[in-house]
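Undergrad: Before I ask anything, here is the structure I am working with.
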Amino acid sequence: MVTTEVAAVDLEGLYRANWHSLVRLAALLVDDVAAAEDVVQEAFVGLHRRAGSLRTPDAAIGYLRTSIVNGSRSALRRRQVARRRLTSIAYTESGRVADSADQGLLIAAEHAELMHALQQLPRRQREVLTLRYWGRLSEKELAEAMGISVGTVKSTASRALDTLEKLMGDHR
């Protein structure tokens with residue numbers, strides 16, 4: 001009888017080695033550190049539940065990235081629903097919605113314009129750029145994490161960069 005036993009996933013080691021970079025990735029997707037930490041924590045809980053069903057321990061980081069992308073989408077949907085239910089919104093004198101107090105601390109001044117432009121991109125384009133450049137995923141890893149083809153990653157990234165360049169040019 002041949003058994004194909006997969007080596008156990010070192011959750012503690014994976015957590016120690018990747019926690020901060022995964023939180024940064026999630027924070028770029030959800031634009032909130034506390035929500036990002038929750039998303040990453042849930043991804044690790046999901047990995048703990050499924051660790052025995054992974055093909056190899058090396059698949060764990062890919063599982064985490066995919067879980068973070070999906071968890072971030074869910075967090076953003078929940079945030080949109082909550083915003084719709086609000087009856088009063090604080091406005092600044094200029095008529096814009098006031099930023100939360102901690103947002104200014106989280107985003108350095110030199111990145112504020114880029115973050116604003118990035119948020120104007122469609123969800124998929126924003127996710128591709130975030131995972132590619134901040135998450136430092138290869139096109140193949142990105143395609144696996146998002147469940148799309150490598151060609152779609154390339155074309156989406158190209159369109160996103162073109163749009164981002166136009167948006168950044170409009171603000172300068």
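The values are calculated or read from the model by the stated rules, or taken from the named source; none is laboratory data. These figures come from a predicted structure and were not determined experimentally. A quick note on method: Cβ atoms are made from the backbone with ideal geometry, for glycine too, and the neighbour counts reach across all protein chains shown.
Undergrad: Select from the range 14-41 the residues that are among the β-branched types (Val, Ile, Thr) and under 25 Å from ASP58 (Cβ atoms) and list them in ascending order.
TA: VAL23, VAL39, VAL40
Undergrad: Can you tell me which condition ALA117 does not meet? The list is (1) at pLDDT below 90; (2) out of contact with any helix residue (DSSP H, G or I) (no Cβ under 7 Å at 6 or more places or on another chain); (3) small (Gly, Ala, Ser), and all the others hold.
TA: (2)
Undergrad: Are there any helices (runs of 4 or more DSSP H) wholly within the range 3-97 with 1 or more residues that are in the same structural domain as GLY135 (by TED's automatic domain parsing) and at pLDDT below 90, and if so which?
TA: Counting at least 1 such residues, we get no helices (runs of 4 or more DSSP H) at all.
Residue-wise test of (1) over 18 Å from LEU29 (Cβ atoms); (2) in contact with a strand residue (DSSP E or B) (Cβ under 6 Å, 6 or more places away or on another chain); (3) of a type outside the set (D, E, K, R).
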| position | (1), (2), (3) |
| --- | --- |
| GLU127 | no, no, no |
| ARG136 | no, no, no |
| GLU141 | no, no, no |
| SER149 | yes, no, yes |
| VAL153 | no, no, yes |
| ARG159 | yes, no, no |
| THR163 | no, no, yes |
| LYS166 | yes, no, no |
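Undergrad: If I filter the range 129-155 down to residues being in contact (Cβ under 8 Å) with a residue 40 or more places away in the chain and more than 11 Å from the chain's Cα centre (by Cα), which single residue comes out as nearest to GLU165 (Cα to Cα)?
TA: Restricting to residues being in contact (Cβ under 8 Å) with a residue 40 or more places away in the chain and more than 11 Å from the chain's Cα centre (by Cα), the top hit is LEU137.
Undergrad: Does GLU141 fit the bill of being modelled with pLDDT of 55 or more, surrounded by 15 or more Cβ atoms within 10 Å (Cβ to Cβ) and either acidic (Asp, Glu) or outside the structural domain of MET168 (by TED's automatic domain parsing) (or both)?
TA: yes
Undergrad: Another one. Output the number of the condition that ALA34 fails; it satisfies all remaining conditions of (1) free of Cβ contacts under 8 Å to residues at least 12 places away in the same chain; (2) on the phi > 0 side of the Ramachandran plot.
TA: (2)
Undergrad: Kindly indicate which of LEU11, LEU54, LEU47 is touching a helix residue (DSSP H, G or I) at 6+ places or on another chain (Cβ under 9 Å) and under 16 Å from GLU141 (Cβ atoms).
TA: LEU54
Undergrad: Against the condition out of contact with any Cys (no Cβ under 6 Å at 6 or more places or on another chain) and either under 17 Å from ILE68 (Cβ atoms) or aromatic (Phe, Trp, Tyr) (or both), how does ALA160 come out, does it pass?
TA: no
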